[in-house]
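Worksheet: the structure to be examined is printed underneath.
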Amino acid sequence: MKILIAEHIADEGIHFLKQTGFNVDIKLKLSREALLDCIGVYDAIIVRSVTKVNEELYEHATNLKVVGRAGNGVDNIEMDGATKRGIIVVNTPDANTVSAAEHTIGLMLSMCRNIPRANAHIKSKQWDRTLFRGVELMDKTLGIVGLGRIGSMVATRMQSFGMNVIAYDPYIRRERFDQLKVTRIDELGELMRQSDIVTVHTPKTKETLGIIGAEEFKLCKKGVRVVNCARGGIIDEAALHEALENGTVAGAAIDVLKDEPHPISPLLDLDQTVITPHLGADTYEAQKNVGEAVALEVFEALQGKLVANAVNLPSLKSQELEALHPYLKLAEYIGKIYHQIRRDAVQKIELIYKGEVGKMDKTTLTLAYLKGLYEIILEDSVNYVNARYIAESRGVTIVEGTDTISGNYTSSIAAKIHTANGIFTLEGALFGKDEPRIVDMNGYAFDVSPKGNMLLIENIDQPGMIGKIGLTLGNECINISTMNVSLSKTSANALMFLTVDAPVSTESLEVIRKTDGIKNAWSLKM
Ligand SMILES: NC(=O)c1ccc[n+]([C@@H]2O[C@H](COP(=O)([O-])OP(=O)(O)OC[C@H]3O[C@@H](n4cnc5c(N)ncnc54)[C@H](O)[C@@H]3O)[C@@H](O)[C@H]2O)c1
Ligand SMILES: O=C(O)CC[C@@H](O)C(=O)O
C-alpha cells in the first residue's frame, strides 16, 4: 500500500505509518499538475485544509481507497465523488478542538484590546497609549453561531470572563443549551440584534456560506465586533469590509479567509482587523493529536476496518464499534449467501433486526449486510462506504425493521430478498458473545456456523442419502468437517450444509449434482 502525505502532519503520525510497513511518500506543496500526475499510484492521501480533493483528483486517483483529512473541516473534500467510488474519508474532529477554541478567544481579546497593533507600535520604538484604547468583555453579550464542539467550548470559557452567552444553532437540542447555561436564540437576526461580539463556529456548507452578510449587519448594534475562526466566507468578506468601513462593525478577528492559502483580501488593509493565517489548529498539542489520529485511521481504513471517524459512514464511537463488531460479522455472512446460491436480480431487501440487535445501529448493520451481498459479485470494489450506493443505483429498495421478539435467540437478523422469481429468506443468530450461526433458510431450520469452504446440497429426503453424499464427496477427495441436515416441512426434500476442508471444484460440483437423489448443489465461500 502506498500513502501520499500531501500536507504537513506531525512526525508522530509519519513515524507510525512508516513502522506499519506501508510505503509512505511525503510530498508537500506539490503543484496541482504534479499531484494529479502522481496520485494514480497511491492507495491513500493525507491532506489538511489546502488540497482540493475533488472530482478532478478522483479521476486521476485510480487506486485511491482512503482520504485522511488531518483536521476537522471537510469542505475541501468532495464527499459524493468519494462515496460512489468507495473511497473512505476519515478526519480527526476532536483532535484540535481545544486549540481552535483557544485561538478564537485569543483573537477576540487581541481585537478588543488592539494587541497586534499596539505590539507593532512599541516595536517601532513608539509610546502612545491614546491610540489603542480597547473594550472589556465582562457583562458584554457574546453571540455564538453554531454551538457544536468548538462553539460550546468557547461558550463555557467566555462565561468565566463574565460574558452573557447566547447562541443560535437550530440543530442542537434545548437540553444542551440548558446544560451549557447558554441562552437559546431561535433566529439569527435576533442574535445579531443582541450581541456585542458575534463568533461563528459552523461548518462551511451551502446553508452557512455568507450566513452573516449585509442584511445581518444592518440588524447589529453599532460597534459590534465579529470573529471567524471557522471557515472563510461564513461571514461574507465584502459585506464585512463595507460594515467595517462605515463603522457598523468596530472590529473583526479572523483566522480563515475565503481564498486560502492566498493572503489576498481587502480585510488585510484595515486597521480594525486582526488576522491570522489559519492558525486555529496550530499548536504542538493539536498537531500531535491530529497527526497520530489521522495516521491510525488511515492505517485501519486501508485494512478494510470500519473506522470511528469515517465521514462518509454513519458516525460511531470506538466503544459502539466494538460492541457492534460481532453483529457486523453476522450481517455480512447473511449477505454473502444469497448470490452464491441464486442469480436472480434483487428488487427489494427487508432486514429485520430481532431482539438485542434491534437496539444497535441498524444503518451500519445494513451496510455490512449489503457489503456481504455485493462482495460476491463485485469483490473488492464494494466496501462499507459504497455498499448502499451500489444497492440504490441498482434500484434495490431496502427496508429495515426491528422486532423485540427473536424466538430462541438473544439476537437474530432476518433477511427477505424479493426477486422477480419469488422470495428468498435467510436468518442468522448470534450464539454466545460472537459466534454467528445460520438458523433458517427458506423455512429450513439449521444450526450452522458459516465459515471457510461450504457446500449446500438439496436432495430428496429418502433413506441412504447421507451415505451416498459422503461417498460421492469421498470419491471427489472432499473431506467433510461438519454436516447439518434439515428436512422440509412442506415437501419431500432436504437441505444439507456441509463444511469442507478445501474449495469444491466446478467439476466435483457437477459430479455431486448428477448423483442420484441430489437435486442441486452449491459451493459457498464464507
Ligand atoms: N481555524 C481552525 O484552524 C479550525 C480548527 C478546527 C475546526 N475549525 C472549523 O470550526 C468549525 C466548527 O467546528 P466544530 O468542530 O465545532 O464543528 P461541529 O460540527 O462540532 O459544530 C458545528 C455546529 O454548527 C451547527 N450548524 C450547522 N449549520 C448551522 C446553521 N445554518 N446555523 C447555525 N448553526 C449551524 C451545527 O448544528 C453544529 O452544532 C468548522 O467550520 C471547522 O472546520 C477551524
Ligand atoms: O490545520 C489545518 O489545515 C486546518 C485546521 C482546521 O481548520 C480544521 O478544520 O481542522
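The values are calculated or read from the model by the stated rules, or taken from the named source; none is laboratory data. Keep in mind it's a predicted model, so treat the numbers as computed, not measured. Ideal geometry is used to build each Cβ from the backbone, glycine not excepted, and the neighbour counts take in all protein chains shown.
The table that follows gives values for the structure above.
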read-out: Qualifying residue in the stretch 166-182 (condition: modelled with pLDDT of 95 or more, touching a Phe, Trp or Tyr at 6+ places or on another chain (Cβ under 9 Å) and among the aliphatic types (A, V, I, L, M)); value: yes
read-out: Any chance Thr83 is more than 14 Å from ligand 2 (Cβ to nearest atom) and closer than 20 Å to Lys371 by Cα; value: yes
read-out: Any pair with Cβ under 6 angstrom, 6 or more apart, that starts in the stretch 89-104 at a residue that is closer than 19 Å to Asn76 by Cβ and in a loop (DSSP other than H, G, I, E, B) and ends at one that is at pLDDT 95 or above and more than 7 Å from ligand 1 (Cβ to nearest atom); value: Thr92/Val290; Thr92/Ala293; Thr92/Val294; Ala95/Asn289; Ala95/Val290; Ala95/Ala293; Asn96/Ala286; Asn96/Val290
read-out: Filtered residue count, the stretch 191-212, keeping only those that are within 13 Å of ligand 1 (Cβ to nearest atom) and out of contact with any Phe, Trp or Tyr (no Cβ under 8 Å at 6 or more places or on another chain); value: 15
read-out: Filter result for Gln347 (at pLDDT 95 or above, more than 19 Å from the chain's Cα centre (by Cα) and surrounded by 20 or more Cβ atoms within 10 Å (Cβ to Cβ)); value: no
read-out: Residue in the stretch 12-27 that is crowded, with 22+ Cβ neighbours inside 10 Å, assigned to a loop (DSSP other than H, G, I, E, B) and either away from ligand 2 (no atom under 13 Å from the Cβ) or in contact (Cβ under 8 Å) with a residue 24 or more places away in the chain (or both) present; value: no
read-out: Of all residues in the stretch 396-435 being farther than 20 Å from Tyr338 by Cβ and among the aromatic types (Phe, Trp, Tyr), the one that is farthest from the chain's Cα centre (by Cα); value: Tyr409
read-out: Checking Thr472 against (1) more than 22 Å from Lys84 (Cβ to Cβ); (2) modelled with pLDDT of 95 or more; (3) β-branched (Val, Ile, Thr), the condition it does not meet; value: (2)
read-out: Residue within the stretch 281-295 that is within 22 Å of Gly71 (Cβ to Cβ) and either among the aromatic types (Phe, Trp, Tyr) or modelled with pLDDT under 95 (or both) present; value: yes
read-out: Selection status of Gln287, within 25 Å of Cys229 (Cα to Cα), surrounded by 15 or more Cβ atoms within 10 Å (Cβ to Cβ) and away from ligand 2 (no atom under 16 Å from the Cβ); value: no
read-out: Index of the failed condition, Asp94 passing every other in (1) charged (D, E, K, R); (2) farther than 23 Å from Arg388 by Cβ; (3) away from ligand 1 (no atom under 12 Å from the Cβ); value: (3)
read-out: Residues that are β-branched (Val, Ile, Thr), away from ligand 1 (no atom under 16 Å from the Cβ) and either touching a Gly at 6+ places or on another chain (Cβ under 8 Å) or farther than 16 Å from Thr62 by Cα (or both), drawn from the stretch 33-51; value: Ile45, Ile46
read-out: Test: residue in the stretch 299-306 that is closer than 27 Å to Pro261 by Cα, surrounded by 16 or more Cβ atoms within 10 Å (Cβ to Cβ) and more than 13 Å from ligand 2 (Cβ to nearest atom); value: no
read-out: Residue satisfying condition, being within 24 Å of Ser486 (Cα to Cα) and either surrounded by fewer than 17 Cβ atoms within 10 Å (Cβ to Cβ) or touching a Cys at 6+ places or on another chain (Cβ under 9 Å) (or both), within set Ile405, Ile377, Ile417; value: Ile405
read-out: Every residue from the stretch 319-367 that is within 17 Å of Ala387 (Cβ to Cβ) and β-branched (Val, Ile, Thr); value: Ile334, Ile337, Val346, Ile349, Thr363, Thr364, Thr366
read-out: Ile122 being over 23 Å from Leu257 (Cβ atoms) and away from ligand 1 (no atom under 16 Å from the Cβ); value: yes
read-out: Helices (runs of 4 or more DSSP H) enclosed by the stretch 140-199 - at least 2 residues per element that are basic (Lys, Arg) and within 32 Å of the chain's Cα centre (by Cα); value: 149-159, 174-180
read-out: Extreme residue, nearest to the chain's Cα centre (by Cα), among residues of the stretch 28-59 that are assigned to a helix (DSSP H, G or I) and charged (D, E, K, R); value: Glu55
read-out: Residues located in the stretch 47-76, provided they are among the hydrophobic types (A, V, I, L, M, F, W, C) and within 11 Å of ligand 2 (Cβ to nearest atom); value: Val47, Val50, Ala70, Val74
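Yes or no, residue by residue, for (1) closer than 27 Å to Thr92 by Cβ; (2) part of a strand (DSSP E or B); (3) in contact with a strand residue (DSSP E or B) (Cβ under 6 Å, 6 or more places away or on another chain); (4) small (Gly, Ala, Ser):
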residue: Tyr327; (1), (2), (3), (4): yes, no, no, no
residue: Val357; (1), (2), (3), (4): no, no, yes, no
residue: Glu379; (1), (2), (3), (4): no, no, no, no
residue: Tyr389; (1), (2), (3), (4): yes, no, no, no
